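Working notes for the structure below.
The values are calculated or read from the model by the stated rules, or taken from the named source; none is laboratory data. Treat the numbers as computed from the prediction; the structure is a model and nothing was measured. Note: ideal-geometry Cβ built from the backbone for every residue, glycine included; neighbour counts use all protein chains shown.
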Amino acid sequence: MENVNSENIYSITDRGPHADWDLLDTYSRTVTGIVGTVAEAVVHIQVQKEAIHPKTRQKQVTTGSGSGFLISSDGYLVTNNHVIEHAMDCKVALADGRTVSAELKGTDPSTDIAVLKIYETGLKPLQFADSEQLRPGQIAIAIGNPLGLQHTVTAGVVSALGRTLRAENGRLIDDVIQTDASLNPGNSGGPLVNSLGQVIGVNTATILSAQGICFAVSSNLAAFVAGKLIMEGRVKRAYMGIAGQLVNLTDRMIAANKLEKRTGVYVYEIVPDQPVYNKEMRTGDIIVAYDEKPVGSVDELHKQLNEEAIGRRVKLDVLRGGRKLTINVIPAELK
């Protein structure tokens, strides 16, 4: 048997812990460095809302809070819609101790994004990263003010990309980031940042029954929505004046009409509503394609009803009596 030098054994075991310490220090330096540059742009949002008491049915004023972050040096900041929804009064606490009133510039319940404006000087905003460049496993750091505790930091990784999340108004939020960086009550609306201190997402939700599964609206989607809210006060979307639900198609329907999907949208109500044009549609129709794009669910139909669809005549493929036919619709702007 080959002789083993005892000095080598001790030197190897001595290096082991020190190697771990070096790695930990590098990670710690990364996180602490990011927090040092980002925290100044993270704010605590305090709101007062009018609500109905569940027992007495009397009106009462309740308080709520959340997080947000500055996106411009002239005072625009992003938070979640559910943080400021129905707020009568909104105040923002800055990192330097200032507490100021905030003006609501616009909300988008369909993505749970809202934009506020404060009129202060000396503000340092954060920059949005390109979320298309994200990869699972990247460092993700969440900064917020849970329960009013200033600048609470949690760190983890990007667990998955391209998730969908149901907004409070029923629409799906696309392009959602899943992370294991813990979110707590009051973290909503705070930034999820990368190792460069750039915003990769807006923290929005957790799954209460799960452990460590948290979500953020991607930076690309958040930046697009924030820009629309600042310039126009809202994000324009289209509607067709119908109520529909998912329905399974029979093998015979699929084969006879050469359909790509096994489901469609069953129209169970039509609302004649100018300026929507939906006179060619009938109750009982099953929508299977919109503008020659296959449709298999209400969510897929919603994706097509964007700003570009407003006022534009499009062809809708429907099954009527088991046979496919093409009709015309003109969606209108959803108010």
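Descriptive notes on the structure:
- Among the candidates 104, 94, 123, residue that is without any contact (Cβ under 8 Å) to a residue 24 or more places away in the chain and farther than 15 Å from residue 188 by Cα: 104
- Scanning segment 261-288 for residues that are closer than 18 Å to residue 326 by Cα and surrounded by fewer than 12 Cβ atoms within 10 Å (Cβ to Cβ) yields a total of 1.
- Residues of segment 212-250 classified as in contact (Cβ under 8 Å) with a residue 60 or more places away in the chain, at positive phi and either surrounded by fewer than 17 Cβ atoms within 10 Å (Cβ to Cβ) or among the hydrophobic types (A, V, I, L, M, F, W, C) (or both), total: 1
- Residue count for segment 130-161 satisfying the condition of being modelled with pLDDT of 85 or more and farther than 20 Å from residue 81 by Cβ: 20.
- Of all residues in segment 244-260, those being in contact with a helix residue (DSSP H, G or I) (Cβ under 8 Å, 6 or more places away or on another chain) and under 13 Å from residue 319 (Cα atoms) number 1.
- All positions within segment 154-165 that are touching a helix residue (DSSP H, G or I) at 6+ places or on another chain (Cβ under 9 Å) and either basic (Lys, Arg) or surrounded by fewer than 18 Cβ atoms within 10 Å (Cβ to Cβ) (or both): 161, 164
- When the residues of segment 162-189 are filtered to those that are among the acidic types (Asp, Glu) and in a loop (DSSP other than H, G, I, E, B), the one that is farthest from residue 86 (Cα to Cα) is 180.
- The condition of being of a type in the set (A, V, I, L, M), closer than 17 Å to residue 131 by Cβ, in a strand (DSSP E or B) and in the same structural domain as residue 142 (by TED's automatic domain parsing) does not hold for residue 225.
- Subset tally (residues that are among the basic types (Lys, Arg) and either surrounded by 12 or more Cβ atoms within 10 Å (Cβ to Cβ) or assigned to a strand (DSSP E or B) (or both)) for segment 40-91: 3
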